[in-house]
1. Any chance you could run the full-extension gain for Q68 through S116? It's 0.36 nm times the residue separation minus the Cα-Cα distance, nm to one decimal.
2. Would you please give the residues with an amide H less than 5 Å from that of D149, counting only those at least 5 places away or on a separate chain, with H modeled from the backbone geometry?
3. Using Cβ contacts closer than 10 Å as the measure, can you line up E97, E159 from fewest to most?
4. Output ³J(HN,Hα) for segment 163-169: one whole-Hz value per residue in order, computed from phi by the Karplus curve 6.51 cos²θ - 1.76 cosθ + 1.60 with θ = phi - 60°, and x for Gly and Pro.
5. Hey, can you grab everything whose amide H is under 5 Å from the amide H of S117? Only 5+ residues off in sequence or another chain; H modelled, so Pro and N-termini drop out.
6. Need the full-extension length gain, L56 to S94, defined as separation in residues times 0.36 nm minus the C-alpha distance. One decimal, nm.
7. Using a Förster distance of 41 Å, how high is the FRET efficiency between M43 and R158, based on the Cβ-Cβ distance and rounded to 0.05?
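Coordinate-derived values only; no laboratory data. Everything numeric in this text was worked out from a predicted model, so none of it was measured. Neighbour counts are summed over all protein chains in view; Cβ atoms, including those assigned to glycine, are modelled from backbone coordinates with ideal geometry.
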Amino acid sequence: MKPSKRLASAPSCRVLSATSATRCRQRRRSTDAASGFTLLEVMIAFLISGLALGVLFQSGMNSLQSIQTAARYEEALARARSRLATAVHGAPMSPGELEGDDGGGYHWRVRIAPESSTAVRPYGMRGAGRPTWVAVGLYSISVWVSWSDHASKAGPRREVRLDTQHIESTAK
């Protein structure tokens, strides 16, 4: 029979008296406790890692929601620019309000209001076809595009607003 090898970490105790036996048991307990993790330590480690993963997941979801909101703002801004270009260059200015549904959950509204008007004499034009006076009007144009963040109408309404002024002239 071969002699058994003892592990280096296991304390060897020869019992000589009661006090040495107590010391030997205390050494065994301290080496047993230091040799691994207790169940409580493992559970606390899992709890901390679970909380960290929850916070990480929540911040990832907030980031995705912010990206989606920014994309919706960009889309609304492009639609508002298009409506503003149509209002300025599409037809002669006529004061009033127009509104409608733009699709994709977007709603638009355009308001054209006269600011001031005057008549001016054209400079540099000569000849019989030259108008004597030209009526010039300054118009204020506002475009709103609004949408809801959620598919339902219960979500908060967001909007983009563009304002400009435009001069339009007509010969008298």
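1. Extra length from Q68 to S116 when fully extended: 13.1 nm.
2. Close amide H contacts, sequence-distant or interchain: R158.
3. E97, E159
4. Once θ is set to phi - 60°, the couplings for segment 163-169 become 10, 8, 10, 9, 9, 10, 10 Hz.
5. For S117, whose amide H was placed from the backbone, the distant partners under 5 Å are L138.
6. Gain in length upon complete extension: 8.2 nm.
7. Once rounded, the FRET efficiency stands at 0.35.
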